[in-house]
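The values are calculated or read from the model by the stated rules, or taken from the named source; none is laboratory data. Computed from a predicted model, the values in this text were never measured in an experiment. Neighbour counts run over all protein chains shown; Cβ positions are idealised from the backbone, glycine included.
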């Protein structure tokens, strides 16, 4: 397990070190629903943070690519992969299609 974590950490560091992805297609999927909690006060704080997360923090990873984009999966929480797997499939399809189109036009 530790070796897998080390490999992931190394790849994450490499990705963060890269500041320009050029025109490589990139899609960031973002949960459309804020994390829900029982306490009303905490719920309001989570909603406020979710707005910042969605409209500021999740936009940043798209910026190193001229072909970067964000898709807010409105009917999903943070488990997009199992809550709305079709959104993941669609995003992968879109990235592959964009990459193929770029490869054939170069």
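Residue under question is residue 37, and the condition is that it be at pLDDT 90 or above and more than 21 Å from residue 20 (Cβ to Cβ); does it hold?
No; evaluated as a whole, the condition is false for this residue.
How about segment 37-66: which of its residues are loosely packed, with under 11 Cβ neighbours inside 10 Å and not in a helix (DSSP H, G or I)?
Hits for segment 37-66 are 38, 39.
Can you pull out the residues in segment 77-99 that are closer than 9 Å to residue 31 by Cα and either under 10 Å from the mean Cα position of the chain (by Cα) or modelled with pLDDT of 95 or more (or both)?
The answer is 80, and nothing else.
Suppose we filter segment 72-97 for residues that are surrounded by 16 or more Cβ atoms within 10 Å (Cβ to Cβ) and either in contact (Cβ under 8 Å) with a residue 60 or more places away in the chain or under 21 Å from residue 23 (Cβ atoms) (or both); how many remain?
2
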